[in-house]
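Visitor: Structure below; questions to follow.
The values are calculated or read from the model by the stated rules, or taken from the named source; none is laboratory data. The model shown is predicted, which means the values in this text are computed figures rather than measured ones. FYI the Cβ positions are ideal-geometry reconstructions off the backbone, even for glycines, and counts take in every protein chain you see. Just the protein is used for accessible areas: all its heavy atoms, side chains included, with ligands, DNA and RNA removed. Shrake-Rupley method; radii C 1.70, N 1.55, O 1.52, S 1.80 Å.
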Amino acid sequence: MTSVEQSRHLATAIPGPRSTELMARKVATVSSGVATTMPVFAARAAGGIVEDVDGNRFIDLGSGIAVTTVGNSAPRVVAAVQAQVEAFTHTCFMVTPYEGYLEVAEHLARLTPGDFEKRSALFNSGSEAVENAVKIARKHTGKDAVVVFDHAYHGRTNLTMAMTAKNMPYKDGFGPFAGEVYRAPMSYPYRDAKDMDGELAARRAISQVEAQVGAQNLAAVVIEPVQGEGGFIVPADGFLSALVEWCHANDVVFIADEVQSGFARTGRMFAVEHEGVVPDLVVSAKGIAGGLPLAAVTGRAEIMDAVHPGGLGGTYGGNPLACAAAIAVIETIEQDGLVERAQQVERVFLDRLHRLQADDDRVGDVRGRGAMIAVELVRSGTDEPDPALAKAVAAAAHAQGVIVLTCGTYGNVLRFLPPLSISDDLLTEGLDVLVAIFGESR
Ligand code: PLZ
């Protein structure tokens, strides 16, 4: 099925000669503002492997930042996109609409939480969809303010930079930022006081919002149900549900940014389902279309339809190739049982990483859900973040043929986001490499 051999293989030193050559061309042609995690250039990828231009094969624990959930060049996606590219590549949905867009919206209405009438609008990137969710909430409520959380990541456009918490590298020197964005304290079980449960953390956030913003000015609360770039922070039980309840009592739209956590990634189709939370609007992107650029806002019909005709759109939003890919992704998730597969991946990771934590007190926290798992690294015997260790472990893994990413406000989190098409053998081998690196670095 997959054309790329499913084994880790080092053909050259990392990076090899061909990648080194390409990297020199990158420096000469691409803005230095666009940095790369890996020093190698991709040639092919499938299953759980990325092969580079020198023939090195890497175990993929990153999925291109949580995008290729069904695997790279997944067979159904390839076939659907090939058929669509031959039929037509673009008409612009706002000019001559097509059925694929409707099919994606119908699937989204069925798959997102909530037993009510829904509508969707499609866009190109997570950032663009988050911006549009805020536009829709403002139009619906007639209010301006937006509340986001500590450690949040929502994108790199002007409004979403304002919504993103971390300065470096996302915001530094790029202001002035959009106004009427307010930040509330997040529930962060590893770093909160031990008696801070979900409800208390929600009360802390809500009382700050009431004092500093006022519900009468607030259009939307936007939150990642499991924070991504901020460090794979899973809020304490009860935090999200208390926030939704408060939003509904105060005519505030509750928006779940499921760009990273959605589409089977956490062992549910959407991460809010772990808590039985039903958002008013859900933002999807990344895993929805197997690597083709597609994003969506889906939610209550009365909110989505509050916008005047022509108020939402864009040249490429819901591009036919991306819609064809999304339909194939959804079929793959459902027919191949990938939600359950994410739950198995969680067990493999947590078992191994908890054992690592028991042996190594620099592993301060092991957390996450499904195939969205992380370890937060600290200086021995403290809870002081150790970003240098995270960076060193990631670099050593890259040199040994394993793609891992870091994240976190303090840069001290190693995160694991494998494609769900990866085999248990490759997962275990990737974990073996990492555990050995921890051992050698002690
Ligand atoms: N919301 C929760 O995770 C994108 C960003 C990588 P775009 N995360 C990866 C980087 O350094 O740019 C993301 C996300 C959440 C929104 C976004 C933004 O999605 O498709 O990158 O615009």
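Visitor: Looking at Thr91, Thr96, can you tell me which residue is in contact with a Phe, Trp or Tyr (Cβ under 7 Å, 6 or more places away or on another chain), at pLDDT 95 or above and β-branched (Val, Ile, Thr)? Spell out how you get there, then give the answer.
Guide: Values: Thr96 fails: in contact with a Phe, Trp or Tyr (Cβ under 7 Å, 6 or more places away or on another chain).
Exactly one residue qualifies, and that residue is Thr91.
So that you can scan it fast, the table gives a plain yes or no per residue for (1) among the small types (Gly, Ala, Ser); (2) open to solvent by less than 10 Å² (accessible area, probe 1.4 Å); (3) under 20 Å from Gly48 (Cβ atoms):
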{"position": "Ile373", "(1), (2), (3)": "no, yes, yes"}
{"position": "Asp386", "(1), (2), (3)": "no, no, no"}
{"position": "Asp425", "(1), (2), (3)": "no, no, yes"}
{"position": "Glu440", "(1), (2), (3)": "no, no, no"}
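Visitor: Restricting to segment 206-239, name every residue that is under 29 Å from Asp365 (Cβ atoms), open to solvent by 20 Å² or more (accessible area, probe 1.4 Å), more than 12 Å from the ligand (Cβ to nearest atom) and touching a residue at least 60 places away in the same chain (Cβ under 8 Å).
Guide: Val234
Visitor: Shifting gears a bit: Within the set of pairs 6+ apart or on separate chains, which have a first residue in segment 139-156 that is touching a residue at least 12 places away in the same chain (Cβ under 8 Å) and under 19 Å from Cys407 (Cα atoms), a second that is away from the ligand (no atom under 16 Å from the Cβ) and not in a loop (DSSP other than H, G, I, E, B), and C-beta atoms under 7 Å apart?
Guide: Phe149/Ala184
Visitor: When only residues in segment 113-145 that are part of a loop (DSSP other than H, G, I, E, B) and more than 16 Å from the ligand (Cβ to nearest atom) count, which is surrounded by the most Cβ atoms within 10 Å (Cβ to Cβ)?
Guide: Of the residues in segment 113-145, the ones part of a loop (DSSP other than H, G, I, E, B) are 113-117, 124-125, 142-144.
Okay, now just the ones that are also more than 16 Å from the ligand (Cβ to nearest atom), so 113-117, 142-144.
Details: Pro113: 17, Gly114: 16, Asp115: 6, Phe116: 11, Glu117: 11, Gly142: 9, Lys143: 21, Asp144: 15.
This residue is Lys143.
Visitor: Also, quick follow-up: With respect to the numbered conditions (1) in contact with a Ser or Thr (Cβ under 8 Å, 6 or more places away or on another chain); (2) not in a loop (DSSP other than H, G, I, E, B), which one is the sole condition not fulfilled by His107?
Guide: The single condition His107 does not satisfy is (1).
To keep it simple, each residue is scored yes or no on (1) open to solvent by less than 20 Å² (accessible area, probe 1.4 Å); (2) away from the ligand (no atom under 16 Å from the Cβ); (3) modelled with pLDDT of 95 or more.
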| residue | (1), (2), (3) |
| --- | --- |
| Gly262 | yes, no, yes |
| Thr266 | yes, no, yes |
| Val272 | yes, no, yes |
| Glu275 | no, yes, yes |
| Leu292 | no, no, yes |
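Visitor: Which one of the conditions (1) free of Cβ contacts under 8 Å to residues at least 12 places away in the same chain; (2) part of a strand (DSSP E or B) does Asp365 fail to meet, given that it meets all the rest?
Guide: Exception for Asp365: condition (1).
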